[in-house]
1. Can you tell me which residue within region 119-143, out of those that are of a type outside the set (A, V, I, L, M, F, W, C) and surrounded by 19 or more Cβ atoms within 10 Å (Cβ to Cβ), is modelled with the highest pLDDT?
2. In region 233-255, what residues are at pLDDT below 85 and of a type in the set (S, T, N, Q)?
Amino acid sequence: MKMKTKKLWLFPALALLLVAAVVPGRGQESFTLQKDILVAKDEAQDNIFAMGGRVQVDGIVRKSVIALGGTITVSGEVKEAVVGIGSGIILTSSAVIKGDVVALGGTLTKEPGCIIGGDTVYFKSSEIPAKFFKNGFLNFFTLSFVPFILALRLIVIFVWFLVALIVVAIFPRQVSLASSQIRFSFWPVFGTGVLALIVYTGLVILAALFSLLLIGIPILLALVAVGVLIKIFGQVAIFHFFGDSLARAFGNQKATPFLAVILGLILVSFLKFIPILGFLFSFVLSILGWGLAIRTKFGTTENWFRRKI
């Protein structure tokens, strides 16, 4: 899927906060802002996350390379995905990417001989979107022909797009496992989501009351952080379910997690635009998202509550 585009230099703080929150603490990780990262030929790292700067991979990255801006040059091997948002991606002739290559804005250069085991997703911005965001969000809102609500929804969709790419790049297996539970255990997942939201709301109210004594402030902040992570993971799993179902309907039985999430995001976003029904649809999806995240323990088990024999 290729469209004529320009660089998109919109890197929401939410995406960066998510990366900082969900990056595993174990293994060799690199998370840096505006600095160069070099993985030499005799070196190996687990994940690389960067904003700006230059990423050079001559050795091995065991999982994924994700960059916001800057450049990514791969001459070695990346065992999962390479994701660049507004980045210049260069895959040399010796590059081996076992997973997908995703370029949102920026440039993508593939030299003859490079190997990509998964899909290549390359979005460029057209002249019109580039002008919309040329001077930031304020310029977007001044467009007389774009209603405020529509503009806000488009921005929300764009943020979800970035967040979904990051989550599926870091946790592709967990997202796929959680997504599959909708098909096999819809009502148990839905029931778990309803119960979880009731309990969570009660805890938030109690923490808010205790905040009057200052004791509940850190508890309230912790609850909000947990709620955001559950919401994000659950929604991405739902995107994957709808995208995978859509791909299967068109004969693609093995859609990659990246492709499934992108298709699902497009479909779900479209359905949410339907008046009244869109609101109800969004409410049901929120319940399902909470149920998926909690019942599968963020995609690490099919049923967290099942007794082990």
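1. Result: 122.
2. The answer is 252, 253.
So that you can scan it fast, the table gives a plain yes or no per residue for (1) under 20 Å from residue 259 (Cβ atoms); (2) crowded, with 17+ Cβ neighbours inside 10 Å:
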position	(1), (2)
50	no, yes
57	no, yes
84	yes, yes
101	yes, yes
106	yes, yes
112	no, no
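The values are calculated or read from the model by the stated rules, or taken from the named source; none is laboratory data. Quick caveat: nothing in here was measured; it's all calculated off a predicted structure. Ideal geometry is used to build each Cβ from the backbone, glycine not excepted, and the neighbour counts take in all protein chains shown.
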